[in-house]
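Asks: Here it is, the structure in full.
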Amino acid sequence: MPEKETKQEKKWWKSAVIYQIYPRSFSDSNGDGIGDLKGIIEKLDYLKYLGINAIWLSPVCRSPQDDNGYDISDYQDIDPIFGNLTDMEELIAEAKKRQIRIIMDLVLNHSSDEHNWFKEAKKSKENPYHDYYIWRDGTKDVLPNEMRAAFGGSAWEWVPELEQYYFHQFSVKQPDLNWENPKLRKEIYTMINWWIEKGVGGFRLDVIDQIAKEPDRFITSNGPRLHEFLKELSKETFQKADLVTVGEAWSATTELAKLYSNPDNSELSMVFQFEHICLDQEEGKEKWDLAPLPFLKLKEVFSRWQRELYKKGWNSLFWNNHDLPRIVSRWGNDTTYRIESAKMLAILLHGMQGTPYIYQGEELGMTNIRYSIEEYRDIETQNLYQERLEKGYKKEEIMQSIYAKSRDNARTPMQWTNQKNAGFTDGTPWIKINPNYQEIYAENQVKDPESIFGCYKKLIQLRKEYPVLVDGEFEMLWKKDEHIFAYLRRNKETEIVVICNFFDQTISCKIEEVGDSLKLLICNYKEIQQPFTLRPYEARMYWRKRQ
Ligand code: TEU
Ligand code: CA
């Protein structure tokens, strides 16, 4: 084995479990209704007890909050709603005391239109910052081309003073940065190194596959210079420290993921890819165009990623993030079998190879919400609603899509207790709390090893105790079975077998086909009465020595 790969095998983040915090919905320390850094510090012991190794913090930098912080106006300051730089330093230090690293969210594809660079850029075509963004000459009524923005409308915005359009892939308040400009790139590296000096443990890179766009050729993702830019970025910043880096890449295929996460460490540690996440939508359409989950396809997708990246890259493992609906409502069952199905989904995911990510509240089995349209806060949801109304969709139909897929499903405040505002804030929460906080909350689950929290805690421990979970090869079992998701992990010494009933019916299972001497490590029912029968959502993880 080449030496480089051996080194990579020992990377700390390969056996780590990462927890994502969406700061505005996590914990509010000062009663203004918005979660903040001090609130996070207060909850570090909770996270330590859960056992996670790092926190991915969604953006906390200064921002007008048009897209909840994914529109940054100062990369080297903290937004006052979250606290200040001293609080951030305290968070890094307090986390470090508990062996927890802080991963910052880098939004490098675009900035806020209120960033100083953009304010300067807008002053004149000769301004030194003008070329930090992407401009096209034109006239007010003729757009440069038909490109659309992710949150609706044209991707081009007219600036009358300059008689030019600027390019934005997201909201009008998120102008795209021009990575072709070496001065901009250098300025970004300086900023990243400043954060590394502050002691952060890594970075999540927002829509990193979109930085090398070429709007004249309708290229957004995977532009020709993407991997060249990433190699330079990594060399100038990340490679100088022992960091974890994860790029958000909606367009990643396994082939591309091997470039991003090459064990030679020339780009990133891993990417978030979304092939499994996009399965329950009509093919070629938007996420709002709902379709049932094709279960066999789900198995095929996971299996392919597991096998193709083995020793050639590294997977991230996730069901949830701040943009996605809650997995227990989505592919589990959030009524009769909420506890069983939430645990099944956890066991299924955490047995695979890669770095698992837990999104706040997932460890409690938090569910989707149904608000009336005015109660949604997300810009994407509000724009979608207007856009589809104008296109003639029925209100009820739009609401069905929103219930299923709105990003606000993930953004309801963390449910800490069954007291006022779920213990999230003393004030008025910025977004309505999910009314089921009377039943689903952290305080009782932490005490109970049989809870969903207890299951996640155990899974994190198992990853530390059984190296095969980190390094073992993956093999899918019973590929054609329409109910069971089962697989095997194998290294030189040992094997892990994971068997999950993905549905709410009891079924039989030919477990003798996997062989004997199996020791049960974890399951989601109190005890296994009949080894050959899987109850609704039953999930088991076994271990054995190789014969
Ligand atoms: O998300 C990228 C992205 O493509 C999503 O907006 C996605 O299109 C949408 O959520 C699902 O339809 C990242 C961030 O995770 C997201 O929160 C930001 O809004 C976006 O980038 C812009 O920075
Ligand atoms: Ca606050």
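The values are calculated or read from the model by the stated rules, or taken from the named source; none is laboratory data. The shown structure was predicted, so the numbers you read here are calculated from the model rather than taken from an experiment. Neighbour counts run over all protein chains shown; Cβ positions are idealised from the backbone, glycine included. Just the protein is used for accessible areas: all its heavy atoms, side chains included, with ligands, DNA and RNA removed. Shrake-Rupley method; radii C 1.70, N 1.55, O 1.52, S 1.80 Å.
Asks: Spin-label point model (7 Å from Cα, Cβ direction): what's the residue 143 to residue 291 distance in nm?
Replies: Distance between the two pseudo-spin positions: 2.6 nm.
Asks: I've got another one for you. Over the stretch 396-547, how many pairs of lysines fall under 14 Å by alpha carbon, counting only those 8 or more apart in sequence or from different chains?
Replies: 7
Asks: Right, here's the next one. Considering the options 182, 150, 254, tell which one lies farthest towards the positive end of the dipole of the chain, charges being +1 on Lys and Arg and -1 on Asp and Glu at the Cβ, about the Cα centre.
Replies: Working it through, the farthest residue towards the positive pole turns out to be 254.
Asks: Ok, one more. Per residue, how big is the convex hull of the stretch 193-237 when only Cα atoms are used? Give it in Å³.
Replies: Value for the stretch 193-237: 76 Å³ per residue.
Asks: Another question about this same structure. For residue 532, what accessible surface area do you get with a 1.4 Å probe? Give it in Å², rounded to 10.
Replies: Here the accessible area works out near 110 Å².
Asks: Hey, another quick one. Treating only the Cβ of Lys, Arg, Asp and Glu as charged (+1, +1, -1, -1), what charge dipole size does the stretch 64-136 show about its Cα centre? Round to the nearest 20 debye.
Replies: 260 debye
Asks: Looking at the square roots a ≥ b ≥ c of the eigenvalues of the Cα gyration tensor of the stretch 178-218, which shape do they give, rounded for a/c under 1.5, prolate if a/b is larger than b/c, or oblate?
Replies: Oblate shape, in that a/c is at least 1.5 and b/c is the bigger or equal ratio.
Asks: For the stretch 245-293 and the stretch 406-450, write down the distance between their C-alpha centroids in whole Å.
Replies: Value for the Cα centre distance between the two parts: 30 Å.
Asks: Same structure, new question: Rank 56, 194 by accessible area, highest first, at a 1.4 Å probe radius?
Replies: 194, 56
Asks: Now for a different question. Farthest toward the dipole's positive end in the stretch 411-509, which of 509, 433, 498, given Cβ charges of +1 (Lys, Arg) and -1 (Asp, Glu) about the Cα centre?
Replies: So the residue furthest toward the plus end is 433.
Asks: Sticking with this one: When the dipole is taken about the Cα centre of the stretch 413-547, and only Lys, Arg (+1) and Asp, Glu (-1) are charged at their Cβ, what size is it in debye, to the nearest 20?
Replies: Here the size comes out at about 300 debye.
Asks: With only alpha-carbon pairs counted, each pair once and no self-pairs, how large is the Kirkwood hydrodynamic radius of the stretch 292-417 in angstroms?
Replies: After inverting the pairwise mean of 1/r, the radius is 16.2 Å.
Asks: What pairs in 140/391; 96/198; 258/312; 122/173 have C-alpha atoms more than 18 Å from each other?
Replies: Those over the limit are 140/391.
Asks: What is the mean projected area of the alpha carbon convex hull for the stretch 54-125, to one decimal in square nanometres?
Replies: Approximately 5.2 nm², given one-decimal rounding.
Asks: Can you tell me the dipole magnitude for the chain around its Cα centre, using point charges on the Cβ only (Lys, Arg +1; Asp, Glu -1), in Debye to the nearest 20?
Replies: The dipole magnitude comes to about 1940 debye.
Asks: Using a 1.4 Å probe, how large is the accessible area of residue 170, given in Å² and rounded to the nearest 10?
Replies: 30 Å²
Asks: Between the stretch 128-146 and the stretch 504-543, what is the C-alpha centre distance in whole Å?
Replies: If we compute the Cα centre of each part, the gap is 60 Å.
Asks: Something else now. Ignoring ligands, DNA and RNA, what accessible area per residue does the chain give at 1.4 Å, in Å²?
Replies: Solvent-accessible surface per residue comes out at 40 Å².
Asks: With every protein chain in place, what's the accessible area of residue 218 (1.4 Å probe, Å², nearest 10)?
Replies: 120 Å²
Asks: Here's something else I'd like to know. Within the accessible area of the chain, what % is carbon and sulfur when the probe is 1.4 Å and the other protein chains stay in place?
Replies: Here it works out to 48 percent.
Asks: Then there is this: Using mean Cβ contacts within 10 Å as the protection proxy, how do 331-337, 412-418 order, highest first?
Replies: Per-residue Cβ counts within 10 Å, averaged per peptide and sorted highest first, yield 412-418, 331-337.
Asks: Something else: How many percent of the alpha carbon pairs in the chain exceed a separation of 35 Å?
Replies: Across the chain, Cα pairs with separations above 35 Å total 36 percent.
Asks: I would also like to ask the following. Where the centre of each part is set by its Cα atoms, how far does the stretch 58-121 sit from the stretch 160-211, in angstrom?
Replies: 13 Å
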